[in-house]
1. Return yes when residue 57 is modelled with pLDDT of 90 or more and not aliphatic (A, V, I, L, M) and no when it is not.
2. Could you go through segment 50-65 and let me know if any residue there is free of Cβ contacts under 8 Å to residues at least 12 places away in the same chain, surrounded by 11 or more Cβ atoms within 10 Å (Cβ to Cβ) and within 17 Å of the chain's Cα centre (by Cα).
3. Show the residue pairs meeting these rules: Cβ distance below 6 Å; 6+ apart or different chains; first residue within segment 5-25 and in a helix (DSSP H, G or I); second residue modelled with pLDDT of 90 or more and open to solvent by 70 Å² or more (accessible area, probe 1.4 Å).
4. Please count how many residues of segment 17-30 are exposed (fewer than 10 other Cβ atoms within 10 Å of the Cβ) and more than 21 Å from the chain's Cα centre (by Cα).
5. If I filter segment 100-107 for residues that are free of Cβ contacts under 8 Å to residues at least 40 places away in the same chain and surrounded by 12 or more Cβ atoms within 10 Å (Cβ to Cβ), do I get at least one hit?
6. Report, by residue number, each residue of segment 75-99 that is assigned to a helix (DSSP H, G or I), within 24 Å of residue 62 (Cβ to Cβ) and open to solvent by 30 Å² or more (accessible area, probe 1.4 Å).
7. What's the number of the only condition in (1) open to solvent by less than 40 Å² (accessible area, probe 1.4 Å); (2) aromatic (Phe, Trp, Tyr); (3) out of contact with any Phe, Trp or Tyr (no Cβ under 7 Å at 6 or more places or on another chain) that residue 47 fails to meet?
8. Spot the failing condition for residue 42; the list is (1) at negative phi; (2) among the charged types (D, E, K, R); (3) modelled with pLDDT under 95; (4) under 17 Å from the mean Cα position of the chain (by Cα), and only one is missed.
Amino acid sequence: GKFEKRDFLWIKKHYPQEIEKMLQEKEAYSYPNGESLQMMHKRMSAWLTNLIHKEEQKKRESTYLIATHGGIIRSILSELLVGDVSFHWHFKIDLGSISIVNIAEGFAVIEQLNQK
């Protein structure tokens, strides 16, 4: 969206009204020319559910490397732990870090978080 690659301070300086909307609407706030956190999470959740379902049908262990942005990683972790977007902001994901999650019979365990 319009704020891609912009930090919070830049947005606050140039679009103070958007900061107010962000604070009021929270996860439902849609970034200009972008999507809301809820929309992104719903899209990611459908993809993740499909991936896990395919693996459960195979009845064998698989390992996946998912290279993606910190926001998607936060949403994956939130979805796996609580089944929705509510824990999204409870994780700090560093650039270039590695997180490992083991899923067995639908139960997710974070084995590593933010390792370099």
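1. So residue 57 does not fit the description; no.
2. no
3. That search, which allows pairs on different chains as well, returns 19/12.
4. Total meeting the criteria: 1.
5. yes
6. Hits for segment 75-99 are 79, 80, 81, 82.
7. (1)
8. (3)
The values are calculated or read from the model by the stated rules, or taken from the named source; none is laboratory data. As the structure is a prediction and not an experimental result, all values here were calculated from the model. As a convention, Cβ positions derive from the backbone with ideal geometry for all residues, glycine included, and neighbour counts pool all protein chains shown. SASA here: full protein model, heavy atoms, side chains in, ligands and nucleic acids out. Shrake-Rupley method; radii C 1.70, N 1.55, O 1.52, S 1.80 Å.
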